[in-house]
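Inspection log for the structure reproduced underneath, given as structure tokens.
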Amino acid sequence: DDGCYEDGEFYCYGCELFISDCEYLECTEDGWSGPFTLDNDECSSDHEAVLKLVDVVGIAGSEVVVPLLLHSTDSVGGVQFSVISLGQDSALGQYLIPSDFISMDDCFTASFNNVDGSFIGIIFSLEGCDYPANETVHIADLVYEVSDFVQVGIETNLEFEYTIVSDSTGNEIPSYGVGASVILGMQGDVNGDGEINVVDIVLTVNFAIYAQEPTDSEFWAADINEDGTINVLDIVSLVNIILDSI
């Protein structure tokens with residue numbers, strides 16, 4: 001009456017019944033409790049998942065796509081998160097406005113919502129698919145609309161407010177998120193049209209010989225080597241950028 005009976009054997013209160021090399025049940029007054037895992041180097045396992053955003057460059061008045069990567073010690077069946085954009089000017093409104101969430105795998109469904117500027121995303125499989133363990137996988141893209149009213153050269157940071165990662169059976173895997181930066185504008189794109197070409201060289205030459213006075217945004221884009229002046233060093237660097245893209 002004072003114990004547990006299992007497979008023809010009697011176990012006292014506090015006794016342990018091993019169901020694997022590392023997991024065991026413990027006999028209590030209410031019956032078997034557990035399973036529990038032995039606390040040693042052989043049996044302990046650091047279960048962890050990481051969601052990571054990739055640094056990107058955006059152009060005012062256009063879309064910017066931010067890749068979302070996943071790395072997990074276990075197979076993953078679903079992910080949910082919230083990302084907020086920091087470093088924005090309240091007088092100008094939001095620099096980055098959530099506009100879409102695109103799954104990279106047709107076996108997974110991605111949905112999102114914009115809640116007071118926070119990008120709330122969720123991704124899961126209706127077919128029971130999962131992301132493999134111990135691999136870095138590009139699982140989705142976060143898409144933002146970039147405000148028209150933003151100064152070129154501004155950097156805004158994307159930070160995770162929370163992350164929830166599920167394994168393939170619905171159990172939570174401990175997780176955290178690694179944010180990214182979005183630089184609004186490209187160095188070399190002096191006129192801010194989203195392209196780097198001979199027009200940008202002409203403007204940079206005019207700035208270098210003091211034929212024109214650059215705005216703050218134009219100065220940032222033309223000062224390729226970031227030494228605080230616009231001169232032939234920046235012009236040669238700009239030419240190389242264009243030649244390398246051909």
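Rank these residues by their accessible area, most exposed first, probe 1.4 Å: SER111, SER82.
Descending order: SER111, SER82.
With Kirkwood's inverse mean 1/r over C-alpha pairs for Rh, give me the Rg to Rh ratio of the chain, two decimals please.
When Rh is taken as the Kirkwood radius, the ratio is 1.23.
Where does each of TYR162, TYR24 land when they are ordered by accessible area, with a 1.4 Å probe and the largest first?
The ranking, largest first, comes out as TYR162, TYR24.
Would you kindly find the accessible area of PHE36, with a 1.4 Å probe and non-protein molecules such as ligands, DNA and RNA excluded, rounding to the nearest 10 Å²?
80 Å²
Mind grabbing the accessible area of ASP21 for me, 1.4 Å probe, Å², rounded to tens?
140 Å²
Give me the accessible area per residue for the chain, probe 1.4 Å, as a whole number in Å².
Using a 1.4 Å probe on heavy atoms only, each residue of the chain averages 55 Å².
Name the residues whose placed amide hydrogens come within less than 5 Å of the amide hydrogen of ILE173, ignoring near sequence neighbours (fewer than 5 apart) on the same chain.
VAL165, SER166, ASP167
Rank GLY188, TYR13, LEU142 by how far each Cα sits towards the positive end of the charge dipole of the chain (+1 on Lys, Arg Cβ; -1 on Asp, Glu Cβ) and give me just the farthest.
Going by the Cα projections, it comes out as GLY188.
Out of all DSSP beta bridges in region 47-205, what portion is antiparallel? Express it as a percent rounded to 5.
Beta bridges within region 47-205, antiparallel portion: roughly 90 percent.
What FRET efficiency do you get for VAL56 and ILE209 if R0 is 25 Å and r is their Cβ-Cβ distance, rounded to the nearest 0.05?
Working from the Cβ atoms, E equals 0.15.
Hey, with R₀ at 41 Å, roughly what FRET efficiency would ASN231 and GLU159 work out to, going by the Cβ-Cβ distance, to 0.05?
0.65
Which of GLY185, GLY77, GLY194 moves most in a GNM of the chain, Cα contacts under 10 Å?
Judging by the Gaussian network model, the answer is GLY194.
When the solvent-accessible surface of protein heavy atoms is calculated with a 1.4 angstrom probe, in what order do CYS12, CYS27, CYS22 fall, highest first?
From most accessible down to least: CYS12, CYS22, CYS27.
Can you show me the helix-derived [θ] at 222 nm for the chain, built from DSSP H runs with n ≥ 4 at -39,500 (n - 2.57) apiece and divided by the number of residues, rounded to the nearest 500.
-4000 deg cm²/dmol
What FRET efficiency would be calculated for the residue pair ASP116, HIS138, taking the C-beta separation as r and a Förster radius of 25 Å, to the nearest 0.05?
Plugging the Cβ-Cβ distance into 1/(1 + (r/R0)^6) gives 0.35.
As a test question: what accessible area, to the nearest 10 Å², does ILE241 have when a 1.4 Å probe is rolled over all protein chains in place?
60 Å²
In the chain, what percent of the accessible surface is made up of carbon and sulfur (1.4 Å probe, ligands and nucleic acids excluded)?
49 percent
Taking the Cα atoms only, what angle lies between the long axis of helix 198-208 and the longest principal axis of the chain, rounded to 10 degrees?
70 degrees
The values are calculated or read from the model by the stated rules, or taken from the named source; none is laboratory data. Source: prediction; values computed, not measured. We place every Cβ from the backbone using ideal geometry, glycine too, and count neighbours over all the protein chains shown. When the accessible area is computed, the model is the full protein with side chains, heavy atoms only, and any ligands, DNA or RNA have been set aside. Shrake-Rupley method; radii C 1.70, N 1.55, O 1.52, S 1.80 Å.
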